[in-house]
Amino acid sequence: MPPSSFEVQKTPQHVAIIMDGNGRWAAQRGLMRAAGHRKGVEAVREAIRSSIEIGIEYLTIFSFSSENWSRPKSEISDLMGLLKLFIRKDLADLHRENVRVNIIGERSDLPGDIGPLLEEAEILTANNSGLELIIAFNYGARNDIAQAVRSLANDVKCGKIDPSDIDCEMIGANLETAKFPDPDMIIRTSGEMRLSNFLLWEAAYSEFVFLDCHWPDFNREEFSKAISIYHSRDRRYGGLAQGTAS
């Protein structure tokens, strides 16, 4: 929900990132796309470190969308391999850093041992109280909204609620992201200016920051640049800025 005043927070509480441009980064260097994805994992580590240093409480990263399954099988295999490597190699470090890992997205029918690995990451870090790292994996915002509507429709069918009771708060409470605050800022790299089915409901009052750098080049400097842009915004939530005549 929007805050009761228009005071600008020094640091956004929740930052979400659409990590775009791995393939283009690789192509510019005459490398295979897999090289871009590998370099992109390093940028994920940098984003996590920067979030902890800056004091961000929630970081959501769009790691794999429900539409990404249409990519070539070889690329999907590379991405799955990198995800497994990241969890196996970085999970202990994240745990030591008091990071709590959360996964959003459809988990049924995931290939191989991906599902158990995701569950392991959540279980190991469940009691941590530092940065909340939310990994959107096999995630699509429209799918999440659809499942929320189905859940409410079933409640109506069972007589638990009346259709007239359904409001925005009730829909939001049935989304996978219900336990997290809406993102204050959504960053997308590589110069693209679209949400690509990411946090559509939750982004209602988010500030969008589009950076020209490809994701593998994202670092603390780029993160600081995005936050500076966020600070320059006047977040009014549909109202008027303080001191503005009605």
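How would segment 75-141 be classified by its alpha-carbon gyration tensor: rounded, prolate or oblate, with rounded meaning a/c under 1.5 and the a/b versus b/c comparison settling the rest? Cα axes put segment 75-141 in the prolate bin.
Loop-resident GluC sites (Glu not before Pro) (DSSP state other than H, G, I, E or B) in segment 170-212 with no more than 16 further Cβ atoms inside 10 Å of their Cβ: 192.
In terms of the Cα gyration tensor, with a ≥ b ≥ c the square roots of its eigenvalues, is segment 1-152 rounded because a/c is under 1.5, prolate because a/b exceeds b/c, or oblate? Rounded is the answer for segment 1-152, as its axis ratio a/c remains below 1.5.
Against the empirical curve 2.2 N^0.38 Å, the C-alpha radius of gyration of segment 139-227 lands at a ratio of 1.40. Model label sites at residue 93 and residue 142, defined 7 Å from Cα along the beta-carbon direction, differ in position by 3.7 nm. Here the sum of -39500 (n - 2.57) over DSSP H runs of 4 or more residues, divided by the residues of the chain, equals -13500 deg cm²/dmol at 222 nm, to the nearest 500.
Using a simple spin-label model with pseudo-atoms 7 Å out from Cα toward Cβ, residue 11 and residue 156 lie 4.3 nm apart. The order of 189, 11, 177, 125, going from fewest to most other C-beta atoms within 10 Å of their C-beta, is 11, 125, 177, 189.
Taking Cβ atoms as reference points and 14 Å as the exclusive limit, the residues near residue 66 contribute a net charge of -2, counting Lys and Arg as +1 and Asp and Glu as -1. Across segment 74-82, rounded Karplus estimates of 3J(HN,Hα) from the backbone phi angles (6.51 cos²θ - 1.76 cosθ + 1.60, θ = phi - 60°) give 5, 5, 4, 4, 4, 5, 5, x, 5 Hz, Gly and Pro being marked x.
Taking trypsin sites (Lys or Arg not before Pro) as exposed when their DSSP state is a loop state and no more than 14 other Cβ atoms lie within 10 Å, the longest site-free interval of the chain runs over 30-106. With springs only between Cα atoms under 10 Å, which of 209, 156, 99 fluctuates most in a Gaussian network model of the chain? Among 209, 156, 99, the largest mean-square fluctuation in the Gaussian network model of the chain belongs to 156. Residue-wise HN-Hα couplings along segment 208-217, as the Karplus relation 6.51 cos²θ - 1.76 cosθ + 1.60 with θ = phi - 60° gives them from phi, are 9, 10, 10, 9, 6, 5, 6, 3, x, 8 Hz; Gly and Pro carry x.
An oblate overall shape is assigned to segment 186-237, the ratio a/c of its alpha-carbon gyration tensor axes (a ≥ b ≥ c) being 1.5 or greater and a/b not exceeding b/c. Annotation: amide H of residue 207 within the under-5 Å range of 185, 186, sequence separation 5 or more or interchain, hydrogens built in the peptide plane. By the count of other C-beta atoms within 10 Å, a proxy for reagent exposure, 25, 201, 215 are ordered fewest to most as 201, 25, 215.
For residue 39, the lysines whose Cα falls under 22 Å of its own Cα, not counting residues fewer than eight places away in the same chain, are 73, 84, 89, 225. Take the Cα of residue 169, step 7 Å toward its Cβ, do the same at residue 57, and the gap between the two points is 1.9 nm.
Rule-based calculations on the coordinates, nothing more; no lab input. What you are looking at is a predicted structure, and each value in this text was computed from that prediction instead of being measured. Cβ: placed from backbone, ideal geometry, glycine included. Neighbour counts: every protein chain shown.
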